[in-house]
Amino acid sequence: MDLDSTLHALVPSSISVTMLLGFFAYLGIAGTVIPGKVVPGVILSDGTRLHYRCNGLLTLILLVALLGIGVWMSFISPTAIADNGLELLSATLIFSFVVTLILYVAGRRSHNQGSSLKPHVTGNLIDDWWFGIQLNPQFMGIDLKFFFVRAGMMGWLLINLSILAKSVKESNLSQSMILYQIFCVLYILDYFFYEEYMTSTFSELLGSMTLYEKNILEIEAENRVGGKVVLQCREKGGEMINVAIEVAKITCMWNSGATLRWDIIAEKLGFMLVFGDLVWIPFTFSIQGWWLLGNKVELTTAAVIANCIVFLIGYRVFRGANKQKHVFKKNPKAPIWGRPPKVIGGKLLASGYWGIARHCNYLGDLLLAASFSLPCGIISPIPYFYPIYLLILLIWRERRDEARCAEKYREVWAEYCKLVPWRILPYAY
């Protein structure tokens, strides 16, 4: 495709706009009417609490089923997304700009003093537009932050399925494409199966902190002030106290998967999050599929088996580590791998995967990312954009969290590092 053709394809057509808006309309309606477990979110500073209907898995399954019926009845083309990929990319990017400008204007004009809608204006236009003004803006009762996260993950799957259909149509289906598709489908289904973990509350987080579990009966309110989260808590004696917890301490306990999303809980909704959810996730995470569409790679049986092993180990470590931390937060005495958990200083879990490496969940994430790209072989670096990007991101995050945890926990963290010397990959890093 030459430059002129590429530029022309970047202009959104009525078809691409209709597909995008139809997708959003479906998610809005389905997310509201389809039954699902209603999970409480974090307690806000005014004492209110948002609730999330975790029906993402059913919403996704129904969407794929409806599209399948539409294809079977020849109402829609299974390759529509792949055929209009660049147009959809530009349409989604334009939508992200437009919706964040609307959010900016609405936030500036808002006089709502509720925690989720209270405007936080810095006065810097770029800063307010990029990071957002309101914590949880809504449209017709729909929490937009939660909505956009769903849209990005489901959009990734729909792009992949359309790429798969196009490869079949062009008689270009390869073993590599099948492997890539299977791994991504399993990863995305797992994400929505554990969707409710995204809304985990600070109450669960603090449940694993011995310093508070004996004294705090109930968290009354939460507010972020500078570099700290200030919790207004009621002691067992009945008196109210303010507990300031540094964000660094909380950050140390976040994982990189679907279990606890700081952006869902505490970040305002601006262009950074909207672009990340709607553009970055679906269009960059599917690069391997686009590449395989134009490059057929034949894998040996040994390569296929090795790729499957990488995926299975990655998933086992990723999900197992996150589940262990989740269980530990809810019940610090729950056994791990059949034994009582080893806890350093009454605060840090050093059993199970967390006794192997201090950020073992990152290792699982990296192995999964590698398994998405390995089906593409090693003839080009392009399919490895995602794992390379993730490696850089997680090492930066790991270094940042190590420094913060060392400052916060001091001798407790030093003891943990001595007991668990490896950061991410045992015997290597």
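Quick one: which of 406-413, 322-329, 157-164 comes out on top by average Cβ neighbours within 10 Å, and what's the full order, highest first? Before the final figure, lay out each step's value.
Numbers: 406-413: 15.1, 322-329: 20.2, 157-164: 22.6.
With the highest mean Cβ count within 10 Å placed first, the list reads 157-164, 322-329, 406-413.
In the structure displayed, which of Lys37/Lys342; Lys145/Lys408; Lys145/Lys323; Lys268/Lys342; Lys145/Lys342 lie more than 26 Å apart, Cα to Cα? Please report the intermediate quantities before stating the final value.
Details: Lys37/Lys342 33 Å; Lys145/Lys408 30 Å; Lys145/Lys323 24 Å; Lys268/Lys342 37 Å; Lys145/Lys342 37 Å.
Violating the 26 Å limit, Cα to Cα: Lys37/Lys342; Lys145/Lys408; Lys268/Lys342; Lys145/Lys342.
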message: So if the hydrodynamic radius of region 85-191 is defined as the Kirkwood radius over C-alpha pairs, what does Stokes-Einstein give as its diffusion coefficient at 4 °C and 1.567 mPa s, in µm² per second?
response: 78
- prompt: For all pairs of alpha-carbon atoms in region 299-429, what percent lies in each bin of width 10 Å, listed from the first bin to the last filled one?
  reply: 12, 37, 32, 14, 5, 0
field: For Cys54, residues with placed amide H under 5 Å, excluding near neighbours
entry: Lys37, Val38, Val39
query: Full extension from Ala65 to Lys296: what is 0.36 nm times the residue separation minus their Cα-Cα distance, to one decimal in nm?
result: 80.3 nm
- prompt: Karplus couplings for region 92-98 from phi (6.51 cos²θ - 1.76 cosθ + 1.60, θ = phi - 60°), rounded to Hz, Gly and Pro as x?
  reply: 5, 5, 4, 4, 4, 4, 5
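For every other residue with a beta carbon closer than 12 angstrom to the beta carbon of Gln175, add +1 if it is Lys or Arg and -1 if Asp or Glu, then tell me the sum. Don't skip to the end; give the middle numbers.
Working: positive: Lys296; negative: Glu298.
With Lys, Arg at +1 and Asp, Glu at -1, the neighbours total 0.
At 0.36 nm per residue, and after removing the present C-alpha to C-alpha distance, how many nm does the segment from Ile313 to Ala406 gain when stretched out fully?
So the extension gain works out to 30.5 nm.
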- prompt: Taking neighbour Cβ counts within 10 Å as the exposure measure, how do Tyr429, Tyr52 sort from fewest upward?
  reply: Tyr429, Tyr52
- request: Within 10 Å of each residue's Cβ, count the other Cβ atoms and sort Ile305, Ile313 from fewest upward.
  value: Ile305, Ile313
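Readers should treat all values here as calculations from the given coordinates under stated rules, not as data from a laboratory. Note that the structure is a prediction, hence the values are computed from the model and not measured. Don't worry about glycine lacking a Cβ; one is built from the backbone with ideal geometry, like all the others, and counts go over all protein chains shown.
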